[in-house]
Amino acid sequence: MNRRIKPVEACIESAERKGLERTLGPIQLMLLGVGAVIGTGIFVLTAVGAERAGPGLLLSFVIAATVCAFAALAYAELAAMVPVAGSAYTYSYVVIGELVAWLVGWNLILEYAVAGAAVAVGWSGYMTGLLQSMGIEIPLALKAGVFAVEGGGVNLIAVTATLTVTGLLIVGTRESVYFTTALVFVKMLALGAFIFIAVPRIDWANFQPFMPYGFGTTEEGGVAKGVMAAAALIFFAYIGFDAVSTAAEETRDPNRNVPIGLIGSLVICTTVYVLVAAGAVGTTSYLELAGNTEPLASILRSLGFPTVGNLVALAAIVALPTVVLMMVFAQTRILFVMSRDGLLPERLSTVHPRFRTPHIITIVTGVFVAVVSGLFSVDEIAELSNTGTLFAFVVVSISVMVLRRAQPDRHRPFRCPTLWLVGPLAVAGCLYLFSSLPKLAQGRFAIWTAIGAVVYFLYGYRRSPLGKQ
């Protein structure tokens, strides 16, 4: 069967014929990346990660960041060469072929849409904690999903947040960026306050033993534990930096600005994460963090700074919706391109005549994210989201190496340094993290991918313009 590879020139021509308005610069892209990355992963999953790795959580953050850094360099080379929307889906389409591209796009739903749902659930935890501190008790049936805890119903707060940012995205990309930029500073100020207070008060005794559950992954009571198990989960904290590449089609001078946005946002976020993780596990026993839905705020309160703790919780409440916004934004741009390529119904790529945004696919995506966030728990959603992300990272890392061999003379505004070292390390690191995820998450990924293959052969394979040619 023909692989149906779409030429780079054809991708750029499609974008020029039916594209989006270019309004974003390098600083805006970097802020979009930071806005997408810093969220539930650090504000909420710090406690879950500490429960699984102990003080070794610090090493888990570094491992996950290193794998992401290798993948980011691969993304940057391809994003500079193919400055259109679609991210990993588009890159695999022009290098490996249509079937793999479809499976990447299908699994990016796990990365972006499901990740957005996880962030919405994490935001709900902080909001619920704040309301309880004010004497307002939310019934269990309205603050947890039916599949999250026994007695749960619909996480109403998470659903409300998702639908609100969906409406904002319909209004326009530039307006969404302004909103995100303002709240990024709120998040960074809150994390800066935590670092300033917690890091000087680190008790080194809390780092002993450093790896109570070992380095590898072991199962305890149905929960994967160990440094690598935590790294596979904490990897979720870095999901979003590649969302910068989905905005390539709305970026001025994308050949230069997209690599800056990708790498710059990852460097900033990694530095913040390591400092926050050190402050968290260094000031509080990892055993006390287990099950805490607002760990950073709780740590500050236990250190004698209740007001600052409440302000950090408030900052998380105010700022976490920006991550939901970026996840939904990235998802809509990928589905937009898949629709434009004929692999999904063309009506989904309709651009609103006034707002110049893909409003139909934005509404569909927002409703899907709202349903997932309303019914499931944050850790289950995060683990499932990671499977799709790791698959996409593997394909992108392979694609950049294949294209370097197949078209060595093609102009590359950005070249991945030491590609033949970085590329294999990115692939190996992603596969290792995938193997460290719970077997349940891996099984769900396999089922989701199989469903995607069936959908492709029933719909996209016959309707693809490349197939008709």
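Contact order, relative form, for region 83-146: 17 percent (alpha carbon pairs under 8 Å, 6 or more residues apart, mean separation divided by residue count).
Each of Asp253 and Arg201 was given a label point 7 Å from its Cα along the Cα-to-Cβ line. The distance between the two points is 4.5 nm.
Here r is the Cβ-Cβ distance between Val186 and Leu421 and R0 is 45 Å; the resulting FRET efficiency, rounded to 0.05, is 0.70. Think of a 1.4 Å ball rolled over the protein heavy atoms: the chain then has 36 Å² of accessible area per residue. One equal scatterer on each Cα of region 266-401, no solvent, Debye formula: the resulting log10 I(q)/I(0) at q = 0.16, 0.18 Å⁻¹ is -1.08, -1.21.
Peptide packing for 453-461, 401-409, 260-268 was compared via the average number of neighbouring C-beta atoms within 10 Å per residue; ordered from the highest value, the list is 260-268, 453-461, 401-409. Dividing the mean sequence gap of close Cα pairs (under 8 Å, 6+ apart) by how many residues region 355-459 holds gives a relative contact order of 38 percent.
At a 10 angstrom cut-off on C-beta neighbours, averaged per residue, how do the peptides 145-156, 203-214, 184-195 rank from highest to lowest? Don't skip to the end; give the middle numbers.
Values: 145-156: 17.2, 203-214: 13.3, 184-195: 19.1.
Taking the mean over residues of other Cβ atoms within 10 Å, the ranking is 184-195, 145-156, 203-214.
Taken over the C-alpha atoms, the chain has Rg and Dmax values of 21.1, 69 angstrom.
Counting each DSSP H run of 4 or more residues in the chain as -39500 (n - 2.57), what helix-only mean residue ellipticity at 222 nm follows after dividing by all residues, to the nearest 500 deg cm²/dmol?
Computed ellipticity for the chain at 222 nm equals -22000 deg cm²/dmol.
Sequence-distant contacts, meaning Cα pairs under 8 Å at least 6 residues apart, place the relative contact order of the chain at 33 percent.
With 0.36 nm allotted per residue and the present C-alpha distance subtracted, the Val149-Tyr432 stretch has 98.9 nm of extension available. Put simply, when 230-237, 64-71 are sorted by average Cβ atoms within 10 angstrom per residue, most first, you get 230-237, 64-71. Expressed as a whole percent, the accessible area of the chain that falls on carbon and sulfur atoms is 67 (1.4 Å probe). The count of lysine pairs in the chain whose Cα atoms are under 22 Å apart, excluding pairs fewer than 8 places apart on the same chain, comes to 4. Once the Kirkwood radius over Cα pairs is known for region 310-463, the Stokes-Einstein relation at 4 °C and 1.567 mPa s delivers a diffusion coefficient of 70 µm²/s.
Helix screen, the chain: DSSP H segments with Cα axial length of 20 Å or more and mean Kyte-Doolittle hydropathy at least -0.5 are 57-81, 114-133, 156-171, 173-198, 254-283, 321-340, 359-375, 378-406, 419-436, 439-455.
The values are calculated or read from the model by the stated rules, or taken from the named source; none is laboratory data. From a predicted model like this one, the values you see are computed outputs, not experimental measurements. So basically every Cβ, Gly included, is an ideal-geometry build from the backbone, and we count neighbours across all protein chains shown. In case anyone asks, the SASA skips ligands and DNA or RNA and just uses the protein heavy atoms, side chains included. Shrake-Rupley method; radii C 1.70, N 1.55, O 1.52, S 1.80 Å.
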